[in-house]
Amino acid sequence: MGSDGTISRVIRLRTKELETVILEMSRGREFYGYEVHRELLSKGVKVETGRFYRVLANMLKEGFLESRWERSRLGPRRRMYRLSRKGREELDRALLFAIKTLHGFYEEYLLGLPFKLNPLYLVSRFLTEGLKRKETIACVTSKYSRMAEKLVQTLHGEVSQGKTYLVTPNPTGANSKSDGPSLLNGAYDNIPLKEGYVDLLVVVDLPRKNLKMALSEWRRVLTRSGRLAVLTPTVLTRKYQDPLTIGEFVEKYEHESSKKIEHVDKQRFIALLKNLFHTVEERQFVHMTVFSASEPRLV
C-alpha cells in the first residue's frame, strides 16, 4: 500500500520489455544506472538491483547503450550511460510496432461501428451520390487490405444491380464471393477493363511514380459522365503544425517511418485533375482525404 493509503500496483517486466522501457527512459539524456533504477521503482516496476545491472550490461554488449566513466570528487568513479545509434533505431522499431498494433485495434473499431457511423459507409454514400443502382464501380489499390475490401463491398451494396470490381496486384488474399465484387489482377496504370466502361473509379492511395500515366489510365476506363475518387491518408496531404494531437502523431509517425512513403504534392495533383475534369472537390472523412473529380474533359 502506498503512503497515501492507496494500493500500489507492482509491475514485473520480462527482459525484452524492461530493455524497451530503459531505452525509452534513456532518450535525450545521459544517466547513472541507479537513477533509472530508482525511477523504475517509483513507477511501480519491480526489478531487483542485480538483474537491473545485468540487463544494462547486456544492452551495452548488444550495442543499444554506450557508456563512459565519470570521475567523482567524493567517491569512486561512476558509469554514465546514453542511448547509442543502434539503441535509437531499436526504440523507433518498438514505437512503430506499438503504433501498428494500435492502428490494428483502431481499424477493428472502425469496422465494428454501427453501419451508418462507419466512415467507410460515409465515404461510399458520398462517392455514390447520384449514381443509379445499375452502374459500374471499380476500386483500384496497390495492395489488398481489409479496409479496401470492406470499402468495395460497401460500394457494391450501393449499386447491387450493377457491377463492382476490386483491382489489385495478385488478389489471392481477397475473399471472393459469387454475389460480391469481382477480383481483377491489375495496377494503377494497368486496369484490365475496357475503355469508357466505369461510372465510378475509386483509387486507394496515390502512386508516387508515373502519376500522369496512371491518371491517363483512370481517365481511359471512365465513361463520359464518369467520376474519379482518390482516397489517401490526410497526413500525406498536409504538413501538421506542432503541437500534434495523439491521433495526428500516430498517423504522421507511422506513414513517415516508411522510406517508401512521400507526401502528396496536393496543389500539383489538383492541377493535374483540373486538366482532365471540370469539377474537382476535396473532402475529409476522419483521417482520410478524398479527392473527387467529375465531368471529364474531352481528350
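The values are calculated or read from the model by the stated rules, or taken from the named source; none is laboratory data. Being a predicted model, the structure only gives us computed values, none of them experimental. We place every Cβ from the backbone using ideal geometry, glycine too, and count neighbours over all the protein chains shown.
Below are the figures for this structure:
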read-out: Where LEU102 falls short, out of the listed (1) in a helix (DSSP H, G or I); (2) modelled with pLDDT of 90 or more; value: (2)
read-out: Counted residues, segment 31-50 - those being closer than 24 Å to TRP69 by Cα and either touching a residue at least 40 places away in the same chain (Cβ under 8 Å) or assigned to a helix (DSSP H, G or I) (or both); value: 12
read-out: So THR232, is it touching a residue at least 40 places away in the same chain (Cβ under 8 Å), in the same structural domain as GLU129 (by TED's automatic domain parsing) and within 17 Å of the chain's Cα centre (by Cα); value: yes
read-out: Strands (runs of 3 or more DSSP E) contained entirely in segment 192-299, each with at least 3 residues that are of a type in the set (Val, Ile, Thr); value: 198-204, 222-233
read-out: Neighbours by Cβ (under 6 Å, 6+ apart or cross-chain): first from segment 145-160, under 10 Å from THR128 (Cα atoms); second in a helix (DSSP H, G or I) and at pLDDT 80 or above; value: LEU155/SER124; GLU158/SER124
read-out: Single residue of segment 118-140 satisfying the filter (assigned to a loop (DSSP other than H, G, I, E, B) and over 19 Å from ALA293 (Cβ atoms)) that is modelled with the lowest pLDDT; value: ARG133
read-out: Per-region count, segment 284-293, residues modelled with pLDDT under 95, surrounded by 18 or more Cβ atoms within 10 Å (Cβ to Cβ) and among the polar types (S, T, N, Q); value: 1
read-out: Unique match (being modelled with pLDDT of 80 or more and within 25 Å of the chain's Cα centre (by Cα)) among GLU281, GLU254, GLU248; value: GLU281
read-out: Filtered residues of segment 45-69 (kept if within 12 Å of GLU30 (Cα to Cα) and among the basic types (Lys, Arg)); value: ARG68
read-out: Qualifying residue in segment 152-160 (condition: under 21 Å from the mean Cα position of the chain (by Cα), under 26 Å from THR20 (Cα atoms) and at pLDDT below 90); value: no
read-out: Top-ranked residue in segment 35-69 [being surrounded by 13 or more Cβ atoms within 10 Å (Cβ to Cβ) and of a type in the set (Ser, Thr, Tyr); ranked as nearest to ARG14 (Cα to Cα)]; value: TYR53
read-out: Residue match in segment 214-221 (condition: of a type in the set (Ser, Thr, Tyr), closer than 21 Å to SER145 by Cα, surrounded by fewer than 17 Cβ atoms within 10 Å (Cβ to Cβ) and free of Cβ contacts under 8 Å to residues at least 40 places away in the same chain); value: no
read-out: Candidate set from segment 70-97 (those that are over 13 Å from GLU24 (Cα atoms) and small (Gly, Ala, Ser)); member that is surrounded by the most Cβ atoms within 10 Å (Cβ to Cβ); value: SER72
read-out: Some residue of segment 236-258 being touching a strand residue (DSSP E or B) at 6+ places or on another chain (Cβ under 9 Å), more than 30 Å from GLU89 (Cα to Cα) and either surrounded by 15 or more Cβ atoms within 10 Å (Cβ to Cβ) or not β-branched (Val, Ile, Thr) (or both); value: no
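Results for (1) more than 23 Å from VAL250 (Cα to Cα); (2) without any contact (Cβ under 8 Å) to a residue 24 or more places away in the chain; (3) assigned to a loop (DSSP other than H, G, I, E, B); (4) among the β-branched types (Val, Ile, Thr), shown as yes or no for each residue.
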site	(1), (2), (3), (4)
ILE22	no, no, no, yes
MET25	no, yes, no, no
VAL55	yes, no, no, yes
ARG68	yes, yes, no, no
SER72	yes, yes, yes, no
GLU90	no, no, no, no
PHE97	no, yes, no, no
